Amino acid sequence: MHTHDITNQVPDLCDYNLYRSDAALVEAVQREGAHWHDCTLASQGEALGTAEMSELADLANRHGPVLRTHDRTGHRIDVVDFHPAWHTLLDQLRRAGLHARPWVQPGDGAHVARAAGYFLHAQVEAGSLCPTTMTFAAIPVLQQEPALFAQLRSRLFSREHDGRDLPMTQKRSILIGMGMTEKQGGSDVRSNTSIATPADPLDGGRGKAYLLCGHKWFFSAPMCDAHLMLARTENGLSCFFVPRWLPEGSRNPILIQRLKDKLGNRSNSSSEVEFEDAMGIMVGEDGRGIATILEMANHTRLDCIIGSAALMRQALVQALHHARHRNAFGRRLAEQSLMRTVLADLALESEAATLLMLRVAHAFDAPDDPLQRAWKRIITPAAKFWICKRALEFTGECMEVWGGNGYVETGPMARLYREAPVNSIWEGSGNVMCLDVLRAMSRETEGLARLLMELDDAAMAHPALALRVHALKQMLAAGEEEQQAGARRLVQQLVLALQGMLMLRHAPAGSAEAFLASRADSDGGRVYGTLNGTSAAAQQAILQRAWPEA
């Protein structure tokens, strides 16, 4: 017996251009110096918006990595197998140059161009970005060792993905991972206990071979061809380049104990490993391992910002698509005043995140300028704290727009929601980021002064922004202990002030006004859908800019 017809179900969102449909992104790419990359980004945006790419992302996450510690005959192999979709996604990332573009083609807008491309890919599948990010961030560290880098350069820069498990000399391209944290310390890497001793007791130091013994609690992407990790020498923590295979063709004794059973990022493998006299090459000065990898951390933190902004953008687009196709109580969801207010508020949050993300990326293109250095050193951890934190609530709100359909794994919202927490945790959780902001402010005093001057200039145009900047300065005048206790509030004030400044400068006047008015107090914006005083026409304009209706 026929029971019912299928009606009022929303079709899958596919076959759209992720780049051309995002006005805020297109404008920011032009403004921040990457206009020369516009056509390439448009091509990537079209390819990434296809149903085929969505299917690849789904497959890679449904069929996660599988660990094989031994082969049939009992030999230790420590291999992680992936679905073919995973390798196709890595190939897409590699061909787009997201693993190395600014190092291969440095120049004006190089980091902005790469950030925009990363932002597009992150809307489709996040797990495959992990080894891409680590490879990208490892390159400037490895460049500090010219002899080692000369052996790796062509394979690091290659645009071809090579997923074969072979010694590096037999591969067309390589990926680099990280192994920093240990079970007893987590973010406190100074408590690491892994030991490194010179392979030749008479010949240690920078660029020399060491034997590493210890463990890593989070060893990201164990199938990478090499990892950068910290281990302790007689002089303190040092940084080491540890290949998966030894030069003579045998496996380096890095023993994968298990894969982590994670909440999200399921397509990517994270592992726990032990190493028994694994060979590693010291990178940087002996005993200066944390300083050596500091630049790497700044790049990975930027990618956390980009990735979270991308999750917000994709969740917003999915929510808007759903609301424009779904009817309830006699009208489309998008036509109902309260839902329109929620969606408009979400659209403002997403645009502000996009503007800040690319403005920070721009600073990486001019690190010698004091103001740009301040944006890079102070605002990178501040933006990581705020945008990554906001992504959790944001994706949950977008899931609510879908209702029960958003809570099932057959749609996209569940994966977006599960992905959201990782960027807040990886490379330093919220407290670590806020304390790093305070530390950077104390060291970059000239840069901080220039940042405040920039905010002062913008605040002259808007009373709400002026009040926020004034409150920020009061917090900055507090004592050290008081600043630490209130670090989260201080960083929130800083980021909202910067986002307000960027919205005033670059967003339509109605959008900027709605953003500043709704976030005027210290708790502003914590609940989406509180755009008091923003007219229905203004809200509709915000939504049309965010996702133009055909």
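Taking 35 Å as R0, compute the FRET efficiency from the Cβ-Cβ separation of residue 250 and residue 27 and round it to 0.05. The value I calculate is 0.05. Across 36, 547, the residue with the most accessible area heads the list, and the full order at a 1.4 Å probe is 36, 547. The simple spin-label model puts a point 7 Å past each Cα toward its Cβ; for residue 328 and residue 187 those points are separated by 3.7 nm. Here the Debye sum runs over all C-alpha atoms of the range 414-495 as equal scatterers in vacuum, and log10 of I(q)/I(0) at q = 0.13, 0.24 Å⁻¹ comes out as -0.51, -1.14. Looking at the range 479-550, the pairs of alpha carbons with a distance over 17 Å make up 53% of the total.
Pop out the Kirkwood hydrodynamic radius of the range 39-117 from its pairwise C-alpha distances, inverse of mean 1/r, in Å to one decimal. Computed over Cα pairs of the range 39-117, the Kirkwood hydrodynamic radius comes out at 15.0 Å. Within the shell of other residues whose beta carbon sits under 11 angstrom from the beta carbon of residue 348, the net charge comes to -2, with Lys and Arg scored +1 and Asp and Glu -1.
What number comes out for the charge environment of residue 207, summing +1 per Lys or Arg and -1 per Asp or Glu over other residues with Cβ under 13 Å away? Neighbour charge sum, excluding residue 207 itself: -3.
Mean shadow of the range 149-277, computed from the convex hull of its alpha carbons, in nm²? For the Cα atoms of the range 149-277, the hull's average projected area reads 8.6 nm². For the chain, the longest principal axis of the Cα atoms and the long axis of helix 509-518 meet at an angle of about 80 degrees. Note on the range 1-86: Cα-only Rg and Dmax are 21.3, 63 Å. For residue 410 and residue 47, the FRET efficiency from 1/(1 + (r/R0)^6), where r spans their Cβ atoms and R0 equals 25 Å, is about 0.60. Normalised by 2.2 N^0.38 Å, where N is the number of residues, the alpha-carbon radius of gyration of the range 23-69 equals 1.73. Residue order by solvent-accessible surface for 169, 300 is 169, 300, largest first, with ligands and nucleic acids left out and a 1.4 Å probe.
Between beta-carbons, use under 14 Å as the cut-off and find the net charge around residue 154, counting Lys and Arg +1, Asp and Glu -1. Local charge sum for residue 154: +3.
Enclosing the Cα atoms of the chain in their convex hull gives a volume equal to 159 cubic angstrom per residue.
Taken along its principal axes, the alpha carbon cloud of the range 140-209 reaches lengths of 38, 32, 23 Å, longest axis first. What aspartates and glutamates does residue 208 reach when the alpha-carbon gap must be under 20 Å and sequence neighbours fewer than 8 apart in one chain are set aside? Of all the aspartates and glutamates, those that pass the test against residue 208 - Cα under 20 Å, at least 8 places apart if same chain - are 145, 200, 225, 234, 248, 276, 277, 285, 286.
Cross-link partners for residue 216 among the lysines, with Cα-Cα distance under 20 Å and sequence neighbours closer than 8 places in the same chain left out: 183, 260, 262.
Mean projected area of the convex hull spanned by the Cα atoms of the range 87-184, taken over all viewing directions: 7.6 nm². Projecting label points 7 angstrom from Cα along Cα→Cβ for residue 471 and residue 166 puts them 6.0 nm apart. Return one quarter of the surface area of the convex hull spanned by the alpha-carbon atoms of the range 1-152, equal to its mean projected area, in nm². So the mean shadow area of the Cα hull is 15.1 nm².
Could you tell me which of rounded, prolate or oblate describes the range 268-371, using a ≥ b ≥ c as the square roots of the eigenvalues of the alpha-carbon gyration tensor, with rounded for a/c under 1.5 and, failing that, prolate when a/b is larger than b/c and oblate otherwise? In terms of gyration-tensor shape, oblate. What the phi angles of the range 477-489 give under the Karplus curve with 6.51, -1.76 and 1.60, with θ = phi - 60°, is a coupling list of 7, 6, x, 4, 5, 5, 4, 5, 5, x, 4, 5, 5 Hz, glycine and proline written as x. Distance distribution P(r), the range 371-523, all Cα-Cα pairs, bin width 10 angstrom from 0: 11, 34, 33, 17, 5, 0 percent.
On alpha-carbon atoms, Rg over Rh for the range 136-179 using Kirkwood Rh? Taking Rh as the inverse mean 1/r over Cα pairs, Rg/Rh reads 0.94. For the range 222-311, the alpha carbon positions stretch 41, 29, 20 Å along the principal axes, listed from largest to smallest.
Relative contact order, percent, of the chain when contacts are C-alpha pairs under 8 Å separated by at least 6 residues? About 14 percent, as a whole number. Ranking 389, 384 by solvent-accessible area of protein heavy atoms (1.4 Å probe, all protein chains present), from largest to smallest, gives 389, 384.
The values are calculated or read from the model by the stated rules, or taken from the named source; none is laboratory data. These numbers were taken from a predicted model, which means no experiment stands behind them. Note that each Cβ is placed from the backbone with ideal geometry, even for glycine, and that neighbours are counted across all protein chains shown. For accessibility, only protein heavy atoms count, side chains too; no ligands or nucleic acids. Shrake-Rupley method; radii C 1.70, N 1.55, O 1.52, S 1.80 Å.
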